[in-house]
Amino acid sequence: MKKLLFALAALSLFAIIGCSNDDSSGSQPEQNTSEKTEDQVTGVVTLKIQENGTGFVSSTGVVKTEFAGWTGGGYLDGLVDGGNVVYTVSAKEAITDAKIAIHYLATETSGRDRAALVSVNGKVINADSPLAMTTDHKVKKDKSSASDYKDTVYLENVSLKKGSNSIILTGAPAGTYTVAGGGTLTITEGQAGYLNYIDYLIVVGKGIDYGTDTTKYVTLSYASENTTAGSVTSETPTGSVAEQTSVKLSATANTGWQFECWSNGKTENPYTFTITDNTYIFAHFIPTGATIPTGLVGYATLTADNKDAKYTITGGAGASAANTVTISSYAELVAKKDLLSSDEPKIITISGTISTAQNENPLLSEKYTIGSNSTVYGDTANQGRLRNIEFIVEGENVIIRNMMFGEVISWDGAKIDDATVKSGADDAFSLNGATHVWVDHCEFQSHLTPQDLNGNEITSSNPYYATDTSEDGIKKWQKDFYDGLLDIKNGSTWITISNCYFHDHWKACLCASGDAAPNKNTTTGATDTDMRITFYNNYWKDINARQPMLRWGKAHIFNSYFYSEATDMNGESTGINCRAGSEFYIDHNTFQNIKTPIGYYNDTSASNTGYWRNVENEFPNCTNPVDTSLTGYVPPYTWNPKTAKETVEYVKENAGVGKLAATDLQ
């Protein structure tokens, strides 16, 4: 479903936000003036509408001036997947022969081909023939000029109604197109929905002028989370929709399935609402009679901040025989890459250890995407384990159990044959814009001193050794050689992490990756402020920091054991880090030998703190007493905690892999 919705998003309009002037040189471009010329004989008018000039409404991009040659106040940058630019023009009478083009800059000759879709009054008029935004030479910042900026071909025979009209630009989704003006163009998945730098919009037509219609259009995207289970219909098409439109959605279950809820927690079916903001919504279907898996509590069982907004996570339930597979080698993993990333229901068993060891450069890490409606198990007979391979969940309704992840090398400084090597992956396991994910009885680890895949400590004779061999340089190399064990980013939410073992690592678990502003998922519309994560029954051993670190969202941590050998970290280990307005409810845990068990640290901005409640936790031999910064936040579900003392032995005995029987993984 993710790929479908990215395509829908690229055909639709995302949040209409006033464009800010972000001049990298430090100065702010002055308010610019759009240009209007008229042929006095024919009455044909040409409008060149600049960012922030007359006729410009808004954009999700920012104004930049780094590539010289622009006109007006600069050009629009940052028009990534889901980005848009909105303009307004008027016509004295309805016309059918207007023309539209874009004055733009593309800086790369290959790999970044992009194209623009044009919407007029909320309807895409060139879905099958986008305006190509390409170039025939590479453009460098220090050598760019006006000649590097080009006009697209004109989109001909555009109809404008009498009065004011809205014109919106969005990026074309992935695919191969016959573009406006002729020829073909392929947009890759990596460039889907993107626009190149836009200097101004060109509109040509008889009797046209700058418009007055500043109506906001928002995105409507809806679908079934699992098309095997059911479908969603509406009289309102997906795409750009004017604010205040009434939308009615209907969910229809297939045989053997039942509708449970919408992704916003609503259970009415049909469901009617007035759209006022970007809306991404899916219908969640479950096998008839399905219940929440045994042992699962917390945010993965909800889909709103309401105990009654129940969500039954089912993972790959309903998978076909062809999609129920065991992967036991690197070659099989590569062969199943498309299945892993698909949104079809799938049940994947990882058997034995799979790593990059057989590759020409075994220390170059790799990553694989896990799509929606997935269950991934580690084989109980031959323990499933990934080494130097990252799994990235980018879907909804995903279960990961009994898996070992780790030793994913993210360091980019290696020099091999005089070329700098860049890793392919960053973290051992990550959630990127994922929703409704349960990670249970898994193990995450690396090494405090970097090792190769044969278990040998990496020394100065290895190209992956620190390039800066000063004491500080080597320390930084050790910390950065591996990045995160479990990173949760870009609006990921409704997540439970339970019964897992995290150990021997410098920076374990990052939740939201930026202090400046919460990141946004351009498909779901969720930001990092929407993060809701439950951690329980987890064992954190010999971790230096980020156990976890959270920005913006809310997290509940209970019945977990945090332990550090003082000699491993020189008494410097830190536990739960509350940053950027995040809120924690922390109860019935034991912290032992942790310098700062709970707090806000490693940042000098006092205004960037988060908040927490410390409820019945124990802190043996924690040298820096916990500081309590109160919040009124309490998780909206029921849980039954053990005492902090009971937690220690329970977690040491039960957390991690090898604790589940094969019958538990059904």
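The values are calculated or read from the model by the stated rules, or taken from the named source; none is laboratory data. Everything numeric in this text was worked out from a predicted model, so none of it was measured. Because the Cβ atoms are built from the backbone with ideal geometry, glycine has one as well, and the counts that use them run over all protein chains shown. Areas reflect the complete protein model, heavy atoms only, side chains present, ligands, DNA and RNA absent. Shrake-Rupley method; radii C 1.70, N 1.55, O 1.52, S 1.80 Å.
Things worth noting here:
- Output for the stretch 54-66, where each listed residue is farther than 17 Å from Thr215 by Cα, in contact with a Phe, Trp or Tyr (Cβ under 8 Å, 6 or more places away or on another chain) and open to solvent by 10 Å² or more (accessible area, probe 1.4 Å): Lys64, Thr65
Residue by residue, here is whether (1) under 27 Å from the mean Cα position of the chain (by Cα); (2) part of a loop (DSSP other than H, G, I, E, B) holds:
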site	(1), (2)
Gly190	yes, no
Pro237	yes, yes
Lys248	no, no
Thr252	no, no
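- Residues within the stretch 38-51 that are within 23 Å of Asp148 (Cβ to Cβ) and open to solvent by 30 Å² or more (accessible area, probe 1.4 Å), tallied: 2
- Top-ranked residue in the stretch 283-301 [being closer than 14 Å to Ile313 by Cβ and in a strand (DSSP E or B); ranked as most open to solvent (accessible area, probe 1.4 Å)]: Pro287
- In the stretch 385-432, counting only strands (runs of 3 or more DSSP E) that sit wholly within it, the ones holding 3 or more residues that are farther than 30 Å from Glu260 by Cα and not polar (S, T, N, Q) span 385-387, 404-406.
- Criterion: at pLDDT below 95 and out of contact with any helix residue (DSSP H, G or I) (no Cβ under 6 Å at 6 or more places or on another chain) - qualifying residue of Val241, Val247: Val241
- Evaluating Ala322 against the criteria (1) within 26 Å of Pro636 (Cβ to Cβ); (2) part of a helix (DSSP H, G or I); (3) among the hydrophobic types (A, V, I, L, M, F, W, C) leaves one unmet condition, (1).
- Selection from the stretch 254-282 of residues that are assigned to a strand (DSSP E or B) and without any contact (Cβ under 8 Å) to a residue 60 or more places away in the chain: Gln258, Phe259, Glu260, Cys261, Trp262, Tyr271, Thr272, Phe273, Thr274
- Enumerated strands (runs of 3 or more DSSP E) restricted to the stretch 573-666, each holding at least 2 residues that are more than 21 Å from Phe502 (Cβ to Cβ) and at pLDDT 90 or above: 611-615
- Restricting attention to the stretch 97-130, the residues that are over 27 Å from the mean Cα position of the chain (by Cα) and closer than 16 Å to Val203 by Cβ total 12.
- Within the stretch 70-96, considering residues that are small (Gly, Ala, Ser) and over 23 Å from Val204 (Cα atoms), the one nearest to the chain's Cα centre (by Cα): Gly82
- Here Thr184, Thr176, Thr212 are screened, and the one residue that is open to solvent by 40 Å² or more (accessible area, probe 1.4 Å) and within 27 Å of the chain's Cα centre (by Cα) is Thr176.
- Residue count for the stretch 104-123 under the criterion of being surrounded by 20 or more Cβ atoms within 10 Å (Cβ to Cβ) and closer than 22 Å to Gly239 by Cα: the result is 7.
- Residue pairs whose Cβ atoms lie under 7 Å apart, sitting 6 or more positions apart in sequence or on different chains, and linking a residue in the stretch 87-110 that is basic (Lys, Arg) to a partner that is part of a strand (DSSP E or B) and open to solvent by 10 Å² or more (accessible area, probe 1.4 Å), are Lys99/Leu155; Lys99/Glu156; Lys99/Val204.
- Scope the stretch 607-636; condition within 30 Å of Asp308 (Cβ to Cβ) and surrounded by fewer than 16 Cβ atoms within 10 Å (Cβ to Cβ); matching residues: Val615, Glu616, Leu630, Gly632, Val634
- Look at (1) open to solvent by 40 Å² or more (accessible area, probe 1.4 Å); (2) under 25 Å from the mean Cα position of the chain (by Cα); (3) at pLDDT 95 or above; (4) not basic (Lys, Arg) and you find that Leu364 fails only one, number (3).
- Residue in the stretch 89-112 that is modelled with pLDDT under 90, among the polar types (S, T, N, Q) and part of a loop (DSSP other than H, G, I, E, B) present: yes
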